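Peer 1: Quick one: the structure is below, and I'll ask about it shortly.
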Amino acid sequence: MPRLLAKFISYIFHPLLFSTYATICIILAIPHLFGNYTPKAQGLWVILVFLLTFIFPVVWLLMMKKLQLVSSLELDDKKERIIPYIATATFYMWTYRMFHPSPSNVQFSNELISIMLLGAAISIFIGFFINIFLKVSLHAIGVGSFFAVTLIILKYSDYNLTLLIIGSIIVAGVVGSARVALGAHEPKEVFLGYLVGFTGQFIAFNVIPMFA
């Protein structure tokens with residue numbers, strides 16, 4: 001894969017963008033869950049997720065780069081990933097609480113989106129602990145989490161989502177190949193990332209509800 005193409009793929013499928021992509025897919029694939037909300041309100045949800053799970057963490061990372069707390073925005077050194085992991089997980093938990101259904105939360109209440117965000121946060125926490133011992137692909141964590149979400153929404157949607165599933169598999173392969181082509185990760189680090197992302201969503205949707 002050409003290096004320029006690999007960089008482009010890494011940017012448009014940045015790991016922090018997958019929660020926004022997942023939110024869009026949930027809204028479009030399961031419209032009956034959002035019948036009480038106007039398209040404008042649904043658009044606001046997407047913007048809010050984008051701000052809290054992408055813009056805020058990126059701004060935080062830029063501040064760390066400015067303060068020379070990290071040497072690169074790519075976070076090639078696994079030791080430099082510790083604080084960004086914690087900060088990003090905090091933003092995700094904040095967003096999860098914002099969408100979590102409650103009597104006082106009417107405007108942004110949605111169980112499916114909130115659980116998806118919780119799953120993403122869990123994936124980040126798992127990645128944080130694994131990062132102590134070895135490097136894992138953040139891009140793969142993001143796309144692994146996204147793939148899990150596309151499988152989960154199958155049981156909620158009335159539409160044929162075969163193309164979405166196939167598309168998510170292709171994206172996972174392309175993103176993983178791009179990270180390896182750039183020399184950012186070894187294949188085992190990419191596959192570990194897939195597993196971490198998928199596991200986070202599995203825990204959020206299937207394990208935690210058993211104890212709720």
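Computed from the coordinates by the stated procedures, all read-outs in this text should not be read as laboratory data. Keep in mind it's a predicted model, so treat the numbers as computed, not measured. In this analysis, Cβ positions are derived from the backbone assuming ideal geometry, glycine residues included, and neighbour counts consider all displayed protein chains.
Peer 1: Can you give the FRET efficiency for LEU134 and TRP60, using 1/(1 + (r/R0)^6), R0 = 35 Å, r = Cβ-Cβ distance, to the nearest 0.05? Mind showing how you got there, number by number?
Peer 2: Values: r = 24 Å, r/R0 = 0.69.
After rounding to 0.05, the efficiency reads 0.90.
Peer 1: In deg cm²/dmol and to the nearest 500, what is the mean residue ellipticity at 222 nm of the chain if only DSSP H runs of at least 4 residues count, each as -39500 (n - 2.57), divided by the residue total?
Peer 2: -21000 deg cm²/dmol, from helical runs alone.
Peer 1: Let me check against my output: what whole-number percent is the relative contact order of the chain, with C-alpha pairs under 8 Å and at least 6 apart?
Peer 2: RCO, the chain: 29 percent.
Peer 1: Cα convex hull of the chain: how many Å³ per residue?
Peer 2: Cα-based convex hull of the chain, divided per residue, equals 126 Å³.
Peer 1: If we count other beta carbons within 10 Å of each Cβ, what is the order of TYR159, TYR11, fewest first?
Peer 2: By the 10 Å Cβ count, ascending, the order reads TYR11, TYR159.
Peer 1: Could you tell me how many degrees, from 0 to 90 and to the nearest 10, lie between the Cα long axis of helix 162-181 and the main elongation axis, the longest principal axis, of the Cα atoms of the chain?
Peer 2: It works out to around 20 degrees.
Peer 1: By how many degrees, 0 to 90 and rounded to 10, does the Cα axis of helix 3-12 deviate from the longest principal axis of the chain?
Peer 2: For 3-12 against the chain, the angle is about 30 degrees.
Peer 1: Calculate how steeply helix 82-99 sits against the longest principal axis of the alpha-carbon atoms of the chain, using the helix alpha-carbon long axis, and give the answer as 0 to 90 degrees to the nearest 10.
Peer 2: Approximately 10 degrees, to the nearest 10.
Peer 1: Turning to a different aspect of this structure: Which order, highest average first, do 96-102, 50-56 follow once you tally other Cβ atoms within 10 Å for each residue and take the mean per peptide? Mind showing how you got there, number by number?
Peer 2: Values: 96-102: 16.6, 50-56: 18.4.
Most protected by this proxy first, the peptides run 50-56, 96-102.
Peer 1: A further question follows. Sorting check: for 140-149, 36-45, 183-192, 112-121, which peptide has the highest mean count of neighbouring beta carbons within 10 Å, and how do the rest follow?
Peer 2: Going by the mean number of other Cβ atoms within 10 Å, highest first, we get 140-149, 112-121, 183-192, 36-45.
Peer 1: Taking 22 Å as R0, compute the FRET efficiency from the Cβ-Cβ separation of ILE86 and LEU51 and round it to 0.05.
Peer 2: 0.70
Peer 1: Okay, next question. Take THR150, THR20 and order them by how many other Cβ atoms sit within 10 Å, fewest up front.
Peer 2: So the ranking, lowest neighbour count to highest, is THR20, THR150.
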